[in-house]
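To start, the structure itself, in structure tokens.
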Amino acid sequence: MIDKIVAMFHIVANEGHGSVFVVLIIGFFFGAIIAYSRLDKFEKMAGFMIFEDTLVPRMAMTTVALSSVGFYFLVHFGYATFAVKPILLTGLVLGAFLFGIGLVILGKCPSAFFVSVSEGRVDTFVGVLGGMVGGAVFTYFYPNIKVWMGPDLGTPQLFDYFINHSLLVVLIFSTILLITAYFLPTIEFRDPADFKEKE
Amino acid sequence: MPRQIPWWIGGIAMSLLFYFSFSSFGANRPIGASTGVAYLSTILFGLDAEHYEYTAQIEKSGAWEGVMLIGAFFGGLFTSIFLTKSFHISFIPTLWKKRKNSSVKSRIFWSFIAGFLLVFGARLAGGCNAGHILSGGSQLAVSGIIFAIVALGTGVVVGRFFYKAKECKDDR
């Protein structure tokens, strides 16, 4: 297993998507922002779907609103390329359905898995083990699964439907998200476990 | 230092990190996580690329996300020790106790099932909320928007039946 982990670092070093150091730094800040905004907490991630907290939708909408405009200009000026995931319709809808069930019960997304474990949460560690088994089962049965994941509807982006007005579409999309994020009510589940020393 | 940053600072910080990762100044690719988890599972269970088509298919992207997730672990560890000061061994989230039960066995059982569904579902869909909702949404990808609507809609409906009803006395 150690050799496979070493191989993982070699793949990253040779792939051309940033050096290993850069990827680790991106991950470090990704984990730090998730932890510092408390996105890794069950109370936030499951909490917003059971109307106990509104941090997740507000933060996610702000991120997408700002990133959508930034990404558009980065691509426009040649500093990035879009990498859009395809719509394999059956897989996408069924997968999102299963993901939604998992998300509201575990209260962690795969991004927050290791962040939450690093905070000492044993239940998340078990969730990660479940996820590892889930990933392995998918890998094992992939030849059987892939045949019914379609139809493949390609990689459309919203502005493909408004070819001459792509910037306007991005700006409207971003504005709607920012306004929604701002006007969503502030509901916060204050976890006593986080504020022990203060109170 | 504050123990937590507000949603808007979190959103701005996350989008700045997304700019860096997405642009050629950083990694020239968007951030994602579930491919990394699946890739790490192929290492754990010895499902090598020579024998398993899916491992071969996700090898490059999965390795990138796997290394990124290792960085995320240390970012989370640093933050929980020095900034949020929330590091402690725990088994059940506070809100689970309030809306579900106080049984460690129950929480552990459901965590395993939910973890399985999360990663299996994410692989079936081709991404999770980092890849589909945040990175996909930021590119106005229709796949990401479909994923967001179905996944979050399902979560709200399932949450309504899975948990006890909310006590109405506390909110404003």
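The values are calculated or read from the model by the stated rules, or taken from the named source; none is laboratory data. Keep in mind it's a predicted model, so treat the numbers as computed, not measured. Here Cβ is always computed from backbone atoms with ideal geometry, including for glycine, and neighbour counts include all displayed protein chains. Note: areas computed on protein heavy atoms with side chains; ligands, DNA, RNA excluded. Shrake-Rupley method; radii C 1.70, N 1.55, O 1.52, S 1.80 Å.
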Looking at the stretch B:99-117 only, could you name the residues that are more than 7 Å from chain A (Cβ to nearest Cβ), within 30 Å of residue A:136 (Cα to Cα) and small (Gly, Ala, Ser)? B:103, B:106
Scan the stretch B:132-143 for residues that are open to solvent by less than 10 Å² (accessible area, probe 1.4 Å), part of a helix (DSSP H, G or I) and at the interface with chain A (Cβ under 7 Å from one of its Cβ atoms) and report the count. 5
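In contact with a helix residue (DSSP H, G or I) (Cβ under 9 Å, 6 or more places away or on another chain), assigned to a helix (DSSP H, G or I) and within 27 Å of residue A:187 (Cα to Cα), is that true of residue B:111? Quick ask: steps written out before the conclusion?
Values: in contact with a helix residue (DSSP H, G or I) (Cβ under 9 Å, 6 or more places away or on another chain): yes; assigned to a helix (DSSP H, G or I): yes; within 27 Å of residue A:187 (Cα to Cα): yes.
Yes.
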For the stretch B:99-115 the number of residues that are of a type outside the set (Gly, Ala, Ser), under 19 Å from the mean Cα position of the chain (by Cα) and open to solvent by less than 20 Å² (accessible area, probe 1.4 Å) is 1
Looking at the stretch A:1-31, which of its residues are under 21 Å from residue B:25 (Cα atoms) and among the small types (Gly, Ala, Ser)? A:13, A:16, A:18, A:19, A:27, A:31
Matching residues, the stretch A:128-157, being open to solvent by less than 50 Å² (accessible area, probe 1.4 Å) and farther than 30 Å from residue A:114 by Cα: A:150, A:154, A:156, A:157
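Only residues that are open to solvent by less than 10 Å² (accessible area, probe 1.4 Å) and touching a residue at least 40 places away in the same chain (Cβ under 8 Å): list them for the stretch A:110-122, please.
Here is the first cut: in the stretch A:110-122, the ones open to solvent by less than 10 Å² (accessible area, probe 1.4 Å) are A:110-113, A:115-116, A:118-120.
If the condition is that a residue be open to solvent by less than 10 Å² (accessible area, probe 1.4 Å) and touching a residue at least 40 places away in the same chain (Cβ under 8 Å), then A:111, A:112, A:115, A:116, A:118, A:119 are the ones that fit.
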Which residue pairs have Cβ atoms closer than 7 Å, lie 6 or more positions apart in sequence or on different chains, and pair a first residue in the stretch A:71-97 that is in contact (Cβ under 8 Å) with a residue 12 or more places away in the chain and of a type in the set (A, V, I, L, M, F, W, C) with a second residue that is part of a loop (DSSP other than H, G, I, E, B) and open to solvent by 60 Å² or more (accessible area, probe 1.4 Å)? A:84/A:155; A:87/A:153; A:89/A:151; A:89/A:153
Consider only pairs whose beta carbons are under 8 Å apart and that are at least six residues apart or on different chains; among these, list those whose first residue lies in the stretch A:133-162 and is at positive phi and whose second residue is at pLDDT 95 or above. A:154/A:86; A:154/A:87
Enumeration of residues in the stretch A:38-61 that are assigned to a helix (DSSP H, G or I) and within 14 Å of the chain's Cα centre (by Cα): A:45, A:56, A:57, A:59, A:60, A:61
Filtered residues of the stretch B:63-98 (kept if under 16 Å from the mean Cα position of the chain (by Cα) and more than 7 Å from chain A (Cβ to nearest Cβ)): B:65
Does the stretch A:24-66 hold any residues that are more than 7 Å from chain B (Cβ to nearest Cβ) and without any contact (Cβ under 8 Å) to a residue 40 or more places away in the chain, and which are they? A:48, A:56
Of (1) without any contact (Cβ under 8 Å) to a residue 12 or more places away in the chain; (2) farther than 27 Å from residue A:127 by Cα; (3) open to solvent by 60 Å² or more (accessible area, probe 1.4 Å), residue B:28 satisfies all except one. Which? (3)
Checked the stretch A:1-37 for anything more than 14 Å from residue B:76 (Cβ to Cβ), part of a loop (DSSP other than H, G, I, E, B) and within 21 Å of the chain's Cα centre (by Cα); matches are A:17, A:18
